[in-house]
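Asker: Got a structure here, written out as structure tokens. Questions coming.
The values are calculated or read from the model by the stated rules, or taken from the named source; none is laboratory data. Given the structure is predicted, the values throughout are model-derived calculations rather than measurements. Please note: Cβ atoms are built from the backbone with ideal geometry, for glycine as well, and neighbour counts cover all protein chains shown.
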């Protein structure tokens, strides 16, 4: 069920107002009418059934009824470590990774990236990414969007996302010529968390792959065809998220 966001804690029996974009979406896009019920979520992620009691231009008033269940997150916490890609590809990744249940995304500039670190960290870019993630979140019924971060380089990315096999934290670096397939890697043992490292268009350099392997990442191939960066990222993340149901 698509839900809407309220900016304060909610409780059964409470009367609330929605204003601005949330009210516009409720009244104009979704066309909810007085007397109809909808899902409303507060900043803590608590979700309730609400009934629209009154509506004006860009203002919606509702009465909170009982709580609603919130879908559980995937059992495997997947983090996508994506070498910087162009705006449209990055936005696609944020939207689709949100839908898949990916826990976090980290963008970083690599040797073959065409997007500089400065552009990745721009306030306008970060704000747009946040809006996209929340829109996808509400559409797919996810409680919270993934954490999206930007790091300065591959070395810092590998330090921040360490592999700890004894704790079930594994890492993949996608490499077309790797001996190990994704299917084989999934059978390597219990996985609590998976870090998936993907290069930009043109892939990671041999030195970058070697740095990932030295940090404990396993080279993994997805198939026999050459995939675009965003296609490879989504395929690998989907496998990781669905690995243990």
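Asker: Residues in the range 24-58 that are under 14 Å from residue 3 (Cβ atoms), part of a helix (DSSP H, G or I) and either assigned by TED's automatic domain parsing to the domain that holds residue 139 or touching a strand residue (DSSP E or B) at 6+ places or on another chain (Cβ under 8 Å) (or both): how many?
Answerer: Final tally of qualifying residues: 2.
Asker: Applying the selection to the range 133-144, what residues are surrounded by fewer than 19 Cβ atoms within 10 Å (Cβ to Cβ) and either over 29 Å from residue 217 (Cα atoms) or free of Cβ contacts under 8 Å to residues at least 60 places away in the same chain (or both)? Walk me through it before giving the result.
Answerer: Start the filter on the range 133-144 by keeping residues that are surrounded by fewer than 19 Cβ atoms within 10 Å (Cβ to Cβ), which leaves 134-135, 139-141, 143-144.
Selection gives 134, 135, 139, 140, 141, 143.
Asker: Just a yes or no: is a residue in the range 59-75 within 21 Å of the chain's Cα centre (by Cα), within 27 Å of residue 149 (Cβ to Cβ) and in a strand (DSSP E or B)?
Answerer: No: zero hits.
Asker: Checking residue 147 against (1) under 30 Å from residue 206 (Cα atoms); (2) within 15 Å of the chain's Cα centre (by Cα); (3) surrounded by 14 or more Cβ atoms within 10 Å (Cβ to Cβ), which test does it fail?
Answerer: (3)
Asker: Just name the residue that is farthest from the chain's Cα centre (by Cα) out of those in the range 196-209 that are over 11 Å from residue 154 (Cβ atoms) and surrounded by fewer than 16 Cβ atoms within 10 Å (Cβ to Cβ).
Answerer: If we take residues in the range 196-209 being over 11 Å from residue 154 (Cβ atoms) and surrounded by fewer than 16 Cβ atoms within 10 Å (Cβ to Cβ), then 206 is farthest from the chain's Cα centre (by Cα).
Asker: Of all the strands (runs of 3 or more DSSP E) wholly in the range 119-224, which have at least 1 residues that are farther than 30 Å from residue 2 by Cβ?
Answerer: Answer list for the range 119-224: 169-174, 193-198, 218-220.
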